Structure formats: C-alpha cells, structure tokens
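K.L.:
One structure, pasted below without further comment.
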Ligand SMILES: [Zn+2]
C-alpha cells in the first residue's frame, strides 16, 4: 500500500514502514516524524512532526522556515504549523516525479529535522503541548501524537460519537426499502434507455446500485448494514427486470407490425425467446456486464457506507515516542 520507492527509502534509512496501515515513521537528526501514504495516489504523502519551541526562540520562526521550504522543495505543495504540529503535504506532479520525488522528500526531511534540532525544538502533544509520555496513535487513519491524558479524553469523545451513531440503529427500514426501490427504478430507466441506444446497458448497473443505496439513505434516514444488504438484493433483482423490459421492448417493436400484441404480451414472452441460444447468450452477457460494473463501481461506496454504518472508529497506539537524545546534536 505504501508507494514502493518511499517504502524502499524507509527501509534503507532504518525507518519503520507499516505497509498495511500506509504509514512510515522514524527519527532523523533525533527528531521524530511520520509519513502518511495517500490511499489513492501513490506519490502523495503527508509528513507530520510534533514540535514546539523549547527554551530558545527559533530563528527563523517555524512558519517562516516552512515558507522557505515550500519554495525550495519542488514537490512540497504546502506546509503549515498549528502550534504543536507541522503538516507538510507532498505530491508528485508533472514530469519526472518518478525519479525526483523521493530525493525531494528526503531533502525536506533533512532540512526540517536539522532545523528542529539546531533550534532545540521539543516534541509535544498535539492537543495540550505537553512533552511527557508521548505516544503516536492512528485514529481513523490519521496520525496523532498525544500524551496519555489527551488520548484518554480523545478516545472518550470517540466512544461517545460511536454510541450516538449506534443509537440511530438500523433507521426506518420500511422507508429505506421504498427509497431503494425508487432508486433502483431510476436505474432500470437508465438501463432501458442505454439498451435502446444500442450501448452496453451494463453501465447502468453502476447507476442502479448507487441510486438504490442513496434512495435507502434518503427515505430510511440512515444506511445501516441491513440497508446495504437490502439495497444490494433489490439492485440484483432489478437488473433482471431491467433486462427483461429492454428485451421486451425490442420484441414488441419487431412484432407489433405483424401481430396485435401489447408490450405486456411481449414482456411475458421474453422467457420463451431465451430458449434461442443467440438471444440467451446476449442477455447473459448484458447481465454479467451489469453485475461486474455494479461491483466495480459500487465497491468504494459500499465499503464507505459499511464503514460509516458500523459506527466504529479504529484507534491504535503505533509507538511510544521517547524524548531521549532528542536535543542531542548527533549528526
Ligand atoms: Zn496532551
């Protein structure tokens, strides 16, 4: 999950790389930092350093130094200081970043850590600024350096949020089902229209599942796990309905010139037409494509919805950060 050149860089320099969590951390010039991997873009990272001024005033001031850094380092898109945390956003844009991105990241880390070291900046809690008992935590996929009492209050807050979320329960299931049905009907309409135009109607599978999930959320008030499953089942069935309507319209258009039939006669006759191998294959092809695109397109939405519905925020302690040898000038 970590961009392989950054991972290689981390390993070469003795930093810790947690591939699964998209996280690199370590110390340079005795200063602790973390690098957060963007989950979507390979060459996109956020560097954090948790520091504040110690006994002497930093020269130049931290914000001024960061401004110098953004003009000096090509791929450093922005850098800011909150009073307890430096945040530096990196992204490889333009040509040749594949070759120059990691050296740029490295040059910035060298600059910033040697600046922190020579100005005797001290590590600190992101929330209260205390320098004692610091640990690095990953809360909901973001890194936080906190002292133990700030972590306790933060996790209290998170637990309260979780309790509030789960109080909503599964929401209004009847409303949700109606919403998902209405949403999927929209998908059916899109499917039939695309079919009429002669394109691959499977594309509408994507529209169908998204509309069903949105419909459930809008009328059910809250997309629960049950809601996700119900929306998926409705969409799976409605894809078949959509295909049958599409084929029915085609049959109707062909046969209405020769016979006195209504659209519903044509719709009912679809199963008997499916005994024809050519038609059967074409219909199966449409359905398979529809289901594949449904899964591909809706995967992110479903995963996000599932994550939200669980109401759980993952928190874990990554490492304890000792302030020993922090201000020693060992390089
Ligand atoms: Zn604190």
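K.L.:
Rounded to the nearest 500, what is the 222 nm mean residue ellipticity of the chain from helices alone, with -39500 (n - 2.57) per DSSP H run of 4+ residues and division by all residues?
P.N.:
Details: 9 runs with 181 residues, N = 331.
Result for the chain, helices only: -19000 deg cm²/dmol.
K.L.:
If the chain between residue 304 and residue 237 were fully stretched, how many nm would it gain, using 0.36 nm times the residue separation less the Cα-Cα distance?
P.N.:
21.8 nm
K.L.:
Just to be sure I understand the model, the point goes 7 Å from the Cα along the line to the Cβ. What's the resulting residue 64 to residue 139 distance in nm?
P.N.:
With each label point 7 Å from Cα toward Cβ, the separation is 3.4 nm.
K.L.:
Give, in nm to one decimal, the length gained when the segment between residue 148 and residue 71 is fully stretched (0.36 nm per residue of separation minus the Cα-Cα distance).
P.N.:
24.0 nm
K.L.:
How far is helix 277-310 tilted, in degrees, relative to the longest principal axis of the Cα atoms in the chain, given as a value from 0 to 90 rounded to the nearest 10?
P.N.:
The two axes meet at around 40 degrees.
K.L.:
Order of 54-65, 194-205 by packing, highest average Cβ count within 10 Å first?
P.N.:
Packing proxy ranking, top to bottom: 194-205, 54-65.
K.L.:
Take every Cα pair under 8 Å in the chain that's 6+ residues apart, average their separations, divide by the length, and report that relative contact order as a whole percent.
P.N.:
17
K.L.:
Want the number for residue 96 to residue 289: 0.36 nm per residue separation, take away the alpha-carbon distance, what's left?
P.N.:
In short, 65.7 nm is gained.
K.L.:
Quick one: which of 100-108, 13-21 comes out on top by average Cβ neighbours within 10 Å, and what's the full order, highest first?
P.N.:
Packing order, densest peptide first, comes out as 100-108, 13-21.
K.L.:
Let me ask you something else. Which of these, 155, 34, 71, has the largest mean-square fluctuation under a Gaussian network model of the chain (Cα springs below 10 Å)?
P.N.:
71
K.L.:
Further question: Taking the Cβ-Cβ separation of residue 249 and residue 319 as r and a Förster radius of 45 Å, what is the calculated FRET efficiency to the nearest 0.05? If you can, show how the numbers build up before the last one.
P.N.:
Working: r = 62 Å, r/R0 = 1.39.
Computed FRET efficiency for residue 249 and residue 319 comes out at 0.10.
K.L.:
What order do you get for 257, 143 when you list them from fewest to most C-beta neighbours inside 10 Å?
P.N.:
Ascending Cβ contact count within 10 Å gives the list 257, 143.
K.L.:
Please compute the modelled spin-label separation between residue 229 and residue 56, points set 7 Å along Cα→Cβ, answer in nm with one decimal.
P.N.:
So the label points at residue 56 and residue 229 sit 6.4 nm apart.
K.L.:
Here's another thing I want to ask about it. Which shape class applies to the chain: rounded if a/c is under 1.5, otherwise prolate when a/b exceeds b/c and oblate if not, where a ≥ b ≥ c are the square roots of the Cα gyration tensor eigenvalues?
P.N.:
Numbers: a/c = 3.99, a/b = 2.36, b/c = 1.69.
It comes out prolate by the Cα gyration axes.
Rule-based calculations on the coordinates, nothing more; no lab input. This one's a predicted model, so the numbers in the text were calculated from it and none came from an experiment. Counting neighbours? That spans all protein chains shown, and the Cβs are built from the backbone with ideal geometry, glycine included.
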